[in-house]
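The values are calculated or read from the model by the stated rules, or taken from the named source; none is laboratory data. From a predicted model like this one, the values you see are computed outputs, not experimental measurements. Every residue, glycine among them, receives a Cβ derived from its backbone with ideal geometry; neighbour counts consider all protein chains shown. For the accessible areas, the whole protein counts, side chains as well, though only heavy atoms, and no ligand, DNA or RNA atoms are used. Shrake-Rupley method; radii C 1.70, N 1.55, O 1.52, S 1.80 Å.
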Amino acid sequence: QVQLVESGGGLVQAGGSLRLSCAASGRTFSSYAMGWFRQAPGKEREFVAAISWSGGRTYYADSVKGRFTISRDNAKNTVYLRMDNLNAEDTAVYYCAATTRGVLAAPRWYDYWGQGTQVTVSS
């Protein structure tokens, strides 16, 4: 089992940057592909980015491609989401999630979820 704890959210002005972190417990972190999702008020949870267990493959939603970067450090059991050029549409609660099934976009394939961290972008 994996427990996930996100951090790094906050309030930022449009055009600014944030880096989210997701710390995982357990010694099998490197066995999991990891994903970031977000959920804005009144909207469904949506895929943001995913990374393979080795970090060698990444996948992004079109809405964040070129602005967000997902990475991981298996020695630290941590996955990151660097977010640049933020805009008001990026305001949401951001969740990290773990799956053994590979680099996937659908939330239903992810087995473990963190509690989320709020990102608010002011325009």
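Anything in the stretch 51-105 that is of a type in the set (K, R) and part of a loop (DSSP other than H, G, I, E, B)? List them, or say none.
Correct list: R57, K65, R67, K76, R101.
Can V64 be described as under 17 Å from L18 (Cβ atoms), under 12 Å from the mean Cα position of the chain (by Cα) and either at pLDDT below 95 or hydrophobic (A, V, I, L, M, F, W, C) (or both)?
On the way: under 17 Å from L18 (Cβ atoms): yes; under 12 Å from the mean Cα position of the chain (by Cα): yes; either at pLDDT below 95 or hydrophobic (A, V, I, L, M, F, W, C) (or both): yes.
Yes, satisfied.
Go through the stretch 2-44 and give me each residue that's acidic (D, E) and crowded, with 17+ Cβ neighbours inside 10 Å.
Of the residues in the stretch 2-44, the ones acidic (D, E) are 6, 44.
Correct list: E6 only.
Consider R72 carefully, then state whether it is out of contact with any Leu (no Cβ under 6 Å at 6 or more places or on another chain), on the phi < 0 side of the Ramachandran plot and open to solvent by 90 Å² or more (accessible area, probe 1.4 Å).
Answer is no for this residue.
Being touching a residue at least 24 places away in the same chain (Cβ under 8 Å) and among the small types (G, A, S) narrows it down to one of S71, S21, so name that one.
One residue alone meets the criteria, S21.
Go through the stretch 1-16 and report how many residues are at pLDDT 95 or above and either among the acidic types (D, E) or touching a strand residue (DSSP E or B) at 6+ places or on another chain (Cβ under 6 Å) (or both).
The total comes to 10.
Pairs please, first residue from the stretch 88-102 and farther than 18 Å from R67 by Cα and among the polar types (S, T, N, Q), second anywhere and open to solvent by 10 Å² or more (accessible area, probe 1.4 Å) and part of a loop (DSSP other than H, G, I, E, B), Cβ atoms under 7 Å, 6+ apart in sequence or on different chains.
These pairs meet every condition: T99/Y32; T99/Y110; T99/D111; T100/Y32; T100/D111.
Counting just the residues of the stretch 82-111 that are closer than 17 Å to S30 by Cα and touching a Gly at 6+ places or on another chain (Cβ under 9 Å), which one comes out surrounded by the most Cβ atoms within 10 Å (Cβ to Cβ)?
If we take residues in the stretch 82-111 being closer than 17 Å to S30 by Cα and touching a Gly at 6+ places or on another chain (Cβ under 9 Å), then C96 is surrounded by the most Cβ atoms within 10 Å (Cβ to Cβ).
I need a count of the residues in the stretch 50-63 that are in contact with a Phe, Trp or Tyr (Cβ under 9 Å, 6 or more places away or on another chain) and either under 22 Å from Q13 (Cβ atoms) or open to solvent by 50 Å² or more (accessible area, probe 1.4 Å) (or both).
Counting residues in the stretch 50-63 that are in contact with a Phe, Trp or Tyr (Cβ under 9 Å, 6 or more places away or on another chain) and either under 22 Å from Q13 (Cβ atoms) or open to solvent by 50 Å² or more (accessible area, probe 1.4 Å) (or both) gives 2.
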